[in-house]
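The values are calculated or read from the model by the stated rules, or taken from the named source; none is laboratory data. These numbers come from a predicted model, not from an experiment. Please note: Cβ atoms are built from the backbone with ideal geometry, for glycine as well, and neighbour counts cover all protein chains shown.
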Amino acid sequence: MIVLRSPKGWTGPKKVDGQQVEGTFRSHQVPLAGTRTDDGHRQLLEEWLQSYRPEELFDDNGRLIEDLRGLPPRGDRRMSANPVTNGGLVMRDLKIRDFRTYAVPVDQPGSTTSEPTRVLGAWLRDVIVANPETFRLFGPDETASNRLTAVFEATNRAWNAERLATDDHLAPDGRVMEVLSEHLCQGWLEGYLLTGRHGLFSCYEAFIHIVDAMLNQHAKWLKVSRHIPWRRPISSLNYLLTSHVWQQDHNGFSHQDPGFLDHVMNKKAEIVRVYLPPDTNTLLSVADHCLRSRDYVNVVVAGKAPQANWLTPDEAIAHCTRGLGTWDWASTDDGAEPDVVLACAGDVPTVETLAAAGLLRAELPELKVRMVNVVDLMRLQPPSEHPHGMPDAEFDALFTTNRPVIFAFHGYPSLIHRLAYRRSGHPNFHVRGYKEEGTTTTPFDMVMLNDLDRYHLVMDVIDRVPGLGVRAAHLRQRMVDARLRHRAHTREHGQDSPEIRDWTWPAGDSA
């Protein structure tokens with residue numbers, strides 16, 4: 001490597017209009033802005049260009065002289081054709097074991113629990129083992145916190161400096177790139193992908209915003225490079241966002257921000273994908289898909305806390321392939337037109353929606369409820385807006401055009417409205433999500449503070465299903481009282497009540 005240190009604007013005009021240009025900020029502007037109208041500026045420009053001695057570089061016809069024409073590299077030595085800079089030419093597919101080998105058992109929906117990212121960590125461990133030279137895990141000092149510690153059974157953190165006896169899993173040949181700098185992790189991963197290799201960036205959800213501008217540039221590069229015929233596809237830029245907004249019993253308000261999803265959704269539709277797997281098996285299915293994909297930015301949001309498992313591996317594959325769909329076992333419409341649609345996207349919103357469906361089943365058995373879960377957020381858009389978009393006819397059949405839709409969402413509610421605003425039934429959508437409330441508190445208190453809890457969802461149904469308000473007034477009051485009771489419990493005991501902590505489907509359906 002040769003490093004040249006030179007003054008800013010070196011070899012350009014040293015002074016213009018009596019002001020120093022070379023070596024100052026002015027050389028970064030347009031140093032000679034008046035060349036069209038100012039003879040002095042035009043003369044300075046001519047002197048500047050003549051300083052390159054063009055008569056020694058070009059012949060009388062303006063062509064580069066023969067001696068110089070032979071200097072540029074040819075073939076694979078050209079910058080654009082060199083495999084070092086066009087990594088897709090040398091990229092090898094990852095060797096990945098069937099993720100179903102790592103799946104958790106689900107005899108009945110909600111019958112078992114697991115920590116989604118901890119299970120994913122075991123799968124990633126074996127991805128590293130099978131691909132010792134082509135896969136790395138990146139993260140800002142949070143691999144253990146994000147429950148991916150199984151990877152350390154197979155590798156270490158990459159480290160070339162001094163090591164102490166108290167250090168943990170540090171080695172020069174480590175495959176985990178971990179340092180408390182989101183910028184550095186992003187830059188490392190981007191460079192690694194550009195050389196034809198593969199990786200995953202794991203980060204706390206709130207702090208991934210630090211690389212917003214870097215994501216912008218990579219997404220723009222992907223968008224342009226996809227249309228350059230000699231530029232070969234590279235592995236997708238994969239984000240795993242965990243320690244998310246709804247589980248802040250140890251952190252607080254500073255760690256609450258699901259807005260990276262909004263930022264990603266601004267990028268070109270052919271490039272970005274956002275996935276919100278509701279349980280462990282769907283997370284495994286989504287992760288498998290993302291690591292196999294090319295030329296995308298994939299964002300996966302998944303919790304690390306213990307939670308219920310809803311779908312078997314085969315059900316998870318089918319659900320993730322569809323991107324969204326009804327959960328018939330949680331619905332009571334029995335194939336008929338529903339009175340209300342309960343929709344959700346995200347693991348915690350899924351739990352609260354299921355709990356609300358259970359309450360409605362127990363308290364209002366005559367009400368026809370359709371439960372819809374969304375894994376692939378892009379499915380909410382029309383096909384004209386995104387390649388994964390759902391056709392209007394299918395969307396209308398699923399969500400209806402004339403029934404209220406109560407949508408519990410992981411992020412800011414406005415994003416769902418933005419995705420669905422073209423749909424004919426959009427005026428019926430009522431979205432609950434994060435609204436900048438909360439601090440270090442219990443998980444259920446967090447959802448109550450943002451009106452995403454099961455009791456508030458039931459109240460939304462009562463308020464929006466025509467004719468239900470009068471008939472269900474007593475139930476609505478019980479929902480209000482339940483919220484007050486559980487909030488008082490968290491304040492008195494510092495944890496959620498057993499009724500919430502031990503809730504399972506379909507038991508525990510009373511208020």
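Looking at LEU71, LEU94 in this structure, which one is of a type in the set (A, V, I, L, M, F, W, C) and at pLDDT below 95?
LEU71
Based on this model, can you work out whether SER6 counts as in a loop (DSSP other than H, G, I, E, B), in contact (Cβ under 8 Å) with a residue 40 or more places away in the chain and either small (Gly, Ala, Ser) or farther than 30 Å from ARG232 by Cα (or both)?
no
Could you tell me which numbered condition THR282 fails, if it satisfies all but one of (1) touching a strand residue (DSSP E or B) at 6+ places or on another chain (Cβ under 8 Å); (2) among the hydroxyl-bearing types (Ser, Thr, Tyr); (3) closer than 19 Å to VAL375 by Cβ?
(1)
Of all residues in the stretch 201-216, which are of a type in the set (A, V, I, L, M) and in contact with a helix residue (DSSP H, G or I) (Cβ under 6 Å, 6 or more places away or on another chain)?
Once the filter is applied, which keeps residues that are of a type in the set (A, V, I, L, M) and in contact with a helix residue (DSSP H, G or I) (Cβ under 6 Å, 6 or more places away or on another chain), the stretch 201-216 yields ALA206, ILE208, ILE210, VAL211, MET214.
Out of (1) touching a Leu at 6+ places or on another chain (Cβ under 6 Å); (2) farther than 23 Å from PRO258 by Cβ; (3) not assigned by TED's automatic domain parsing to the domain that holds ALA420, what's the single condition that is false for ILE317?
Going through (1) touching a Leu at 6+ places or on another chain (Cβ under 6 Å); (2) farther than 23 Å from PRO258 by Cβ; (3) not assigned by TED's automatic domain parsing to the domain that holds ALA420 one by one, ILE317 breaks only (1).
Taking the stated definitions as given, is VAL16 more than 30 Å from GLU190 (Cβ to Cβ) and surrounded by 14 or more Cβ atoms within 10 Å (Cβ to Cβ)?
Against the criterion (more than 30 Å from GLU190 (Cβ to Cβ) and surrounded by 14 or more Cβ atoms within 10 Å (Cβ to Cβ)), VAL16 qualifies.
A quick yes/no check of all residues on (1) modelled with pLDDT under 90; (2) aromatic (Phe, Trp, Tyr); (3) in the same structural domain as HIS386 (by TED's automatic domain parsing); (4) more than 15 Å from the chain's Cα centre (by Cα):
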position	(1), (2), (3), (4)
ALA219	no, no, no, no
SER225	no, no, no, yes
SER243	yes, no, no, no
GLN248	yes, no, no, yes
HIS255	yes, no, no, yes
GLY259	no, no, no, no
MET265	no, no, no, no
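If I ask for residues that are in contact with a Pro (Cβ under 9 Å, 6 or more places away or on another chain) and of a type in the set (A, V, I, L, M, F, W, C), which ones from the stretch 250-276 would you list?
Hits for the stretch 250-276 are ALA269, LEU276.
Evaluate the stretch 161-178: report whether one residue or more is touching a Lys or Arg at 6+ places or on another chain (Cβ under 7 Å), more than 26 Å from GLU115 (Cβ to Cβ) and modelled with pLDDT of 95 or more.
So far as the stretch 161-178 goes, no, none of its residues is touching a Lys or Arg at 6+ places or on another chain (Cβ under 7 Å), more than 26 Å from GLU115 (Cβ to Cβ) and modelled with pLDDT of 95 or more.
Answer yes if at least one residue in the stretch 476-495 is buried (at least 18 other Cβ atoms within 10 Å of the Cβ), in the same structural domain as LYS368 (by TED's automatic domain parsing) and not in a helix (DSSP H, G or I), and no otherwise.
Checking the stretch 476-495: not a single residue is buried (at least 18 other Cβ atoms within 10 Å of the Cβ), in the same structural domain as LYS368 (by TED's automatic domain parsing) and not in a helix (DSSP H, G or I).
Name the residue, out of PRO365, PRO338, PRO349, PRO313, that is in contact (Cβ under 8 Å) with a residue 12 or more places away in the chain and under 21 Å from the mean Cα position of the chain (by Cα).
Answer to the check: PRO349.
Return the pairs, sorted by first residue and then second, in which the second residue is surrounded by fewer than 17 Cβ atoms within 10 Å (Cβ to Cβ) and small (Gly, Ala, Ser), the first residue lies in the stretch 384-403 and is in the same structural domain as PRO427 (by TED's automatic domain parsing) and more than 15 Å from GLU337 (Cβ to Cβ), the beta carbons are less than 8 Å apart, and the residues are 6+ apart or on different chains.
GLU385/ALA269; HIS386/ALA269; PRO387/ALA269; ASP392/SER424
In the stretch 104-144, how many are of a type in the set (A, V, I, L, M), surrounded by fewer than 21 Cβ atoms within 10 Å (Cβ to Cβ) and in a loop (DSSP other than H, G, I, E, B)?
2
For GLY252, indicate whether it is surrounded by fewer than 19 Cβ atoms within 10 Å (Cβ to Cβ), in contact with a strand residue (DSSP E or B) (Cβ under 9 Å, 6 or more places away or on another chain) and not charged (D, E, K, R).
Here the answer is no, as GLY252 does not meet what is asked.
Only one of these is within 16 Å of PHE409 (Cβ to Cβ), at pLDDT below 95 and either among the polar types (S, T, N, Q) or surrounded by fewer than 22 Cβ atoms within 10 Å (Cβ to Cβ) (or both): GLY438, GLY469. Name it.
Result: GLY438 is the single residue among GLY438, GLY469 that is within 16 Å of PHE409 (Cβ to Cβ), at pLDDT below 95 and either among the polar types (S, T, N, Q) or surrounded by fewer than 22 Cβ atoms within 10 Å (Cβ to Cβ) (or both).
Is it true that some residue in the stretch 345-352 is outside any helix (DSSP H, G or I) and of a type in the set (A, V, I, L, M)?
yes
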